[in-house]
Amino acid sequence: MAFTFDATTDRGKVRMLITDRDDSNPIFQDAEIDAYLEMEGSSVKHAAASALSSIATDQVLLLKKIKLLGGDLETDGPAVAKELRELAKQLRADADNDGSFDIAEQVVDDFTFRDRAFKQWQRGVF
C-alpha cells in the first residue's frame, strides 16, 4: 500500500483538495486516487469531488449520530457528510466552469427570426 504526496502531480493535487496529506494516517492509497482520476477523465477537481463523496459516505456509515448521555462526547456523522458533499458539489461546479460562455440568440421580430433560422440552417440543426 503506497502513499505519496507531491503537490506537482495530479495525485498530489487531489490529495491537497481532500486534505489527505498525512503519510502516517492516509485516507486513500495512491492506487485509489489514481482510480478516481481515471474514472473522472483526469479531472483533478472531479476526482477530488468523488473522493470527498466517498469520505462523506464513510462518515455516515461509521459515525452516524452519537451522543453520550452525561458525557461531553458528541459526533454527528451526517452533518460532517453534508459538509463534505457540499464541498464535493462546489469542486464539481468549479471543474465544469472552464471560463467559457455561451451566446443566446434572441428573436424579437421577423428579421431576427429569419436571421436565427438561417444561422440554424448553416449549423445543420435543421
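Here, each number is a calculation from the coordinates, and none is a lab measurement. Because the structure is predicted, anything quoted here is derived from the model rather than measured. Backbone-built Cβ (ideal geometry, glycine too); neighbour counts: all protein chains shown.
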Could you go through region 44-58 and let me know if any residue there is within 15 Å of residue 95 (Cβ to Cβ) and part of a loop (DSSP other than H, G, I, E, B). no
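Say whether the condition of being assigned to a helix (DSSP H, G or I) and under 23 Å from residue 95 (Cβ atoms) is met by at least one residue in region 60-79. Step through it out loud before you land on a result.
In the first step, residues of region 60-79 are kept if they are assigned to a helix (DSSP H, G or I); the result is 60-63, 77-79.
Add one more test, that the residue is under 23 Å from residue 95 (Cβ atoms), and what stays is none.
Taking every residue of region 60-79 in turn, none turns out to be assigned to a helix (DSSP H, G or I) and under 23 Å from residue 95 (Cβ atoms).
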Sole miss for residue 21 among (1) surrounded by fewer than 19 Cβ atoms within 10 Å (Cβ to Cβ); (2) under 16 Å from the mean Cα position of the chain (by Cα) is condition (2)
Looking at region 1-28 only, could you name the residues that are over 15 Å from residue 88 (Cα atoms) and of a type in the set (A, V, I, L, M)? 1, 2, 7, 27
Starting from region 107-119, keep only residues that are among the basic types (Lys, Arg), then list their pairs with residues that are loosely packed, with under 11 Cβ neighbours inside 10 Å and not in a helix (DSSP H, G or I) whose Cβ atoms are within a distance under 6 Å, requiring at least 6 positions of separation or different chains. 116/105
Selection from region 24-43 of residues within 13 Å of the chain's Cα centre (by Cα), surrounded by 14 or more Cβ atoms within 10 Å (Cβ to Cβ) and part of a loop (DSSP other than H, G, I, E, B) yields 40, 43
